[in-house]
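The values are calculated or read from the model by the stated rules, or taken from the named source; none is laboratory data. What you see is a predicted model, and the numbers here were worked out from it, not measured in a lab. Counting neighbours? That spans all protein chains shown, and the Cβs are built from the backbone with ideal geometry, glycine included.
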Amino acid sequence: MAEMTTNKGERIGKRQKDIRVEWRHYDKGGSTCDRCSGTGINLAAVIKEFTERGVTIELQETLLSADQMSESNLVLINGVPLDELLTGGVVGESECPSCGCLTGKKTSCRTVQCDGQIYEELSLELIRRGIEAVLA
């Protein structure tokens, strides 16, 4: 297989190319909150980018109930939480009005703080960085 590079020009070469991604999010009757929905859209786009470069990515979507809300919007890459793969990544939580609409009560969801910014939905760049960290 030809040598590949990441979007930062780093060589992938003979490094690991099989990635398992698990995305955990709250689900109520097939609906999820706005921030988890945004994470899902970003995750699909990044997986497509890496797949087009020859990286095999298996996505597992784990649907959570309201009593598992603390795990909602969690992305694990090869079993490691995304926030742990990011230099300086810190997990937190904030009120999520969209989840509140789904649960019928005030609800908080996971956030990730990285580079001085708090992300309610996981951005394309954060997900890319997490996958690149595993490939490194």
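Could you list, in sequence order, the residues of the stretch 109-126 that are at pLDDT 90 or above, in contact with a strand residue (DSSP E or B) (Cβ under 7 Å, 6 or more places away or on another chain) and surrounded by 15 or more Cβ atoms within 10 Å (Cβ to Cβ)?
Within the stretch 109-126, Arg110, Thr111, Val112, Gln113, Tyr119, Glu120, Leu122, Leu126 qualify.
Go through (1) basic (Lys, Arg); (2) surrounded by 13 or more Cβ atoms within 10 Å (Cβ to Cβ); (3) modelled with pLDDT of 90 or more; (4) outside any strand (DSSP E or B) and name the single condition Arg15 misses.
Against the list (1) basic (Lys, Arg); (2) surrounded by 13 or more Cβ atoms within 10 Å (Cβ to Cβ); (3) modelled with pLDDT of 90 or more; (4) outside any strand (DSSP E or B), Arg15 comes up short only on (3).
In the list Cys101, Cys96, which residue meets the criterion of being of a type outside the set (Ser, Thr, Tyr) and surrounded by 20 or more Cβ atoms within 10 Å (Cβ to Cβ)?
Answer to the check: Cys96.
Does at least one position in the stretch 52-66 carry a residue that is of a type in the set (Val, Ile, Thr), over 16 Å from the mean Cα position of the chain (by Cα) and closer than 22 Å to Lys17 by Cα?
Yes: one or more hits.
Collect the residues in the stretch 67-92 that are more than 15 Å from the chain's Cα centre (by Cα) and at pLDDT 90 or above, keeping them in residue-number order.
Answer for the stretch 67-92, where residues must be more than 15 Å from the chain's Cα centre (by Cα) and at pLDDT 90 or above: just Gln68.
Just to be sure before I move on: is Asn73 surrounded by 13 or more Cβ atoms within 10 Å (Cβ to Cβ), over 23 Å from Ala136 (Cα atoms) and in contact with a helix residue (DSSP H, G or I) (Cβ under 6 Å, 6 or more places away or on another chain) in the structure I sent?
yes
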